[in-house]
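Since every read-out is calculated from the coordinates, none of them should be taken as a lab result. Owing to the predicted nature of the structure, the values given are computational and were not obtained by experimental measurement. So basically every Cβ, Gly included, is an ideal-geometry build from the backbone, and we count neighbours across all protein chains shown.
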Amino acid sequence: MVEPLRPTRGGFLRPFGCGWFIREFLMGHGPDGSPEIDPGIGAPQSDICYHYKKALLKAIAVDRATRQEERQAKREKRLISPDRIEKLATRYLLQTPYKSSGCRYHSFVVYFSNLQRLGWVEESGKVERSAFQDNYPRGYPRKFFRLTEAGRAAPEAAWANPFAALYG
């Protein structure tokens, strides 16, 4: 049997995938520096998307900084400096635009709706007023979502590609 050559976690050019991040975030683990949440309450879609993109940007900046410092240390024939890696990572993080990595919000919403169709995430019942409602009272509130038991039991391969899990 021939298995395709692909990364086990994330995907090509990504340190981690969207599905993995959503699962870990809603379990309350706070992956890659994102805040830990209460798994019983969950979080709104917009917050999950924001923290996914910020964690992805941070991981990419650290990866770029590490590779740059390794090359520079090899060229200068010295030891790798963690302090230089940290400074470079901070610089790369500040230089990288928010929209340059990860998915756009609409793509995230479509991805998340597939997770809802699979029954892996559900509304937790908590609702809060959105900033949009300050100017337009009939606007939609922010709904919180949490992980279901089916989502916790789903294999990691299915989380890596929920489209295949949904459409077979």
Does segment 141-158 include one or more residues that are without any contact (Cβ under 8 Å) to a residue 12 or more places away in the chain, within 22 Å of TYR50 (Cα to Cα) and of a type in the set (S, T, N, Q)?
no
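Matching residues to (1) touching a helix residue (DSSP H, G or I) at 6+ places or on another chain (Cβ under 8 Å); (2) farther than 26 Å from PHE25 by Cβ:
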position: ALA65; (1), (2): yes, no
position: GLU70; (1), (2): no, yes
position: LYS77; (1), (2): no, yes
position: ILE85; (1), (2): yes, no
position: TYR92; (1), (2): yes, no
position: THR96; (1), (2): yes, no
position: HIS106; (1), (2): no, no
position: TYR111; (1), (2): yes, no
position: GLY119; (1), (2): yes, no
Going through (1) outside any strand (DSSP E or B); (2) touching a residue at least 40 places away in the same chain (Cβ under 8 Å) one by one, SER107 fails only at (2)
Top-ranked residue in segment 98-155 [being among the polar types (S, T, N, Q) and under 19 Å from GLU36 (Cα atoms); ranked as nearest to the chain's Cα centre (by Cα)]
THR148
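Can we say ARG138 is of a type in the set (Lys, Arg), free of Cβ contacts under 8 Å to residues at least 12 places away in the same chain and farther than 15 Å from GLN45 by Cβ? Give the derivation first.
On the way: of a type in the set (Lys, Arg): yes; free of Cβ contacts under 8 Å to residues at least 12 places away in the same chain: yes; farther than 15 Å from GLN45 by Cβ: yes.
Yes; evaluated as a whole, the condition is true for this residue.
Residues in segment 77-87: is at least one assigned to a helix (DSSP H, G or I) and small (Gly, Ala, Ser)? Spell out how you get there, then give the answer.
Initial filter on segment 77-87 (assigned to a helix (DSSP H, G or I)): 82-87.
Next, only the ones that are small (Gly, Ala, Ser) stay: none.
No, there is no match, as no residue in segment 77-87 is assigned to a helix (DSSP H, G or I) and small (Gly, Ala, Ser).
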